[in-house]
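Colleague: What follows is a single structure, and I will ask about it in a moment.
We did not get these values from a lab; they are worked out from the coordinates using the rules stated. Being a predicted model, the structure only gives us computed values, none of them experimental. Here the Cβ positions follow ideal geometry from the backbone for every residue, glycine too, while neighbour counts run over all protein chains shown.
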Amino acid sequence: MNLLIDVGNTRLKWAMAEGQKMQEGRALLHARQGDIREVLLSHWRNLPRPARAAVACVAASDLLEQVLWVLRRLWPGLAIIQPRSQAHGHGVTNAYRQPEKLGIDRWLALLAVRHHHGLPACVVDCGTAITLDILDVQGRHLGGMIAPGLTMMKQALVQGTETLQSFQDEFAVGLADATDAAIDNGALFAAVGLVEAVVARQGQEMLLLFTGGDARRIAGNTNLAPVIEPDLVLQGLTVILQD
């Protein structure tokens with residue numbers, strides 16, 4: 001069994017996998033928690049010793065160091081794989097002129113789609129940022145887009161407007177009769193509009209996959225027929241470990 005770890009900007013997810021067969025994943029909110037080593041030790045100490053661990057990290061380097069410290073503390077000598085985005089690999093061609101600049105979470109999501117889901121496809125990750133990437137039927141990455149996530153959009157508006165106050169609530173969908181609800185719906189439909197506009201411009205049918213913490217909310221308000229897949233990055237790590 002291998003241990004798969006996805007360290008995002010807000011959540012840390014993990015799962016055990018045998019080959020490409022993955023067990024149900026677990027998640028931990030780490031934002032603003034500081035040192036999470038003791039929390040990880042409590043979650044992982046009862047896991048069976050992995051054959052290998054694969055770690056994808058887009059969060060701050062100090063968080064990655066904490067994860068690596070816990071892995072080495074629990075399982076001395078464990079082989080730890082930290083994949084990097086490539087120009088070509090596992091049947092996918094990266095569109096970036098500097099392939100290593102494509103976020104590892106996006107690269108792994110593309111590998112997961114190529115090997116576990118089907119092509120052509122559009123992948124939408126609805127996390128701290130909203131990323132959108134398209135793969136054609138040959139596995140060529142056609143490029144992508146990045147926009148602020150729902151929380152980031154709302155925070156930017158509040159911080160840039162003197163009379164507004166920060167809030168975390170979600171409101172009923174539709175035209176609003178209060179400022180907080182109007183901001184919440186404005187952010188939601190900005191995200192919905194981005195996805196629908198990009199998909200419409202492709203001029204072909206494709207598989208549409210949503211992942212990330214806000215995936216269900218954004219996907220559920222589109223006029224499309226998306227698939228919700230919460231563990232795309234972890235699935236991509238299973239592809240990496242087939243080498």
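Colleague: Note down the relative contact order for segment 20-161 as a percent, whole number, built from C-alpha pairs under 8 angstrom at least six residues apart.
Modeller: In percent, rounded to a whole number, it is 15.
Colleague: Once you list every other residue whose beta carbon is under 13 Å from the beta carbon of Q20, what net charge do they have if Lys and Arg are +1 and Asp and Glu are -1?
Modeller: In short, -1.
Colleague: Taking 7 Å along the Cα-to-C-beta vector as the label spot, tell me the H117-R26 distance in nanometres, rounded to one decimal.
Modeller: 2.6
Colleague: Hey, another quick one. Under 18 Å Cα to Cα from K21, which aspartates and glutamates show up? Leave out anything in the same chain fewer than 8 places away.
Modeller: D6, E229, D231, D243
Colleague: Would you mind ranking E170, E229, E162 by Cβ crowding within 10 Å, fewest neighbours first?
Modeller: Lowest count first: E162, E170, E229.
Colleague: Same structure, new question: What whole number of Å gives the distance from the Cα centroid of segment 137-198 to the Cα centroid of segment 215-235?
Modeller: Comparing the Cα centres of segment 215-235 and segment 137-198, I get a distance of 16 Å.
Colleague: Right, another one. Would you calculate, for the chain, the mean residue ellipticity at 222 nm contributed by helices, counting each DSSP H stretch of 4 or more residues as -39,500 (n - 2.57) and dividing by all residues, to the nearest 500?
Modeller: About -10500 deg cm²/dmol.
Colleague: Sticking with this one: Place the peptides 153-159, 9-15 in order of packing, highest mean first, counting for every residue the other Cβ atoms within 10 Å and averaging per peptide.
Modeller: The densest-packed peptide leads the list: 9-15, 153-159.
Colleague: Could you state the angle between the C-alpha long axis of helix 61-74 and the longest principal axis of the C-alpha atoms of the chain, as a value from 0 to 90 degrees rounded to the nearest 10?
Modeller: 40
Colleague: When we measure straight from the Cα of K154, which aspartates and glutamates land under 16 angstrom away, once same-chain ones fewer than 8 places off are left out?
Modeller: Candidates past the 8-residue exclusion: E162, D169, E170, D180, D184, D214.
Colleague: Testing the spin-label approximation: label points 7 Å from Cα along Cα→Cβ at R45 and V137. State their distance in nm.
Modeller: Placing both labels 7 Å beyond Cα along the Cβ direction yields 5.5 nm.
Colleague: Could you tell me which of rounded, prolate or oblate describes the chain, using a ≥ b ≥ c as the square roots of the eigenvalues of the alpha-carbon gyration tensor, with rounded for a/c under 1.5 and, failing that, prolate when a/b is larger than b/c and oblate otherwise?
Modeller: oblate
Colleague: Continuing with this model, one more query. Hey, what did the chain get for relative contact order, percent, Cα under 8 Å, at least 6 apart?
Modeller: Relative contact order, the chain: 19 percent.
Colleague: Same structure, new question: Which net charge results when you count Lys and Arg as +1 and Asp and Glu as -1 among the other residues whose beta-carbon is under 11 Å from that of L150?
Modeller: That sum, taken over residues with Cβ under 11 Å, equals -1.
Colleague: For Cα pairs less than 8 Å apart in space and 6+ apart in sequence, what is the mean separation divided by the residue count of segment 1-90, i.e. the relative contact order in percent?
Modeller: For segment 1-90, the relative contact order is 30 percent.
Colleague: If you add up the charges near V233, with Lys and Arg at +1 and Asp and Glu at -1, over every other residue whose beta carbon is less than 12 angstrom from its beta carbon, what do you get?
Modeller: Cβ neighbours under 12 Å give a net charge of -2.
Colleague: For segment 12-33 and segment 87-105, what is the centre-to-centre distance using only Cα atoms, to the nearest Å?
Modeller: Rounded to whole Å, the Cα centres lie 23 Å apart.
Colleague: Here is a follow-up. Please compute the length gained on full extension between V158 and Q204, using 0.36 nm multiplied by the number of residues separating them and subtracting their Cα-Cα distance.
Modeller: Full extension of this stretch gives 12.7 nm more.
Colleague: Turning to a different aspect of this structure: Once label points are set 7 Å from the Cα along Cα→Cβ at both A197 and Q82, what is their separation, rounded to one decimal in nm?
Modeller: 3.7
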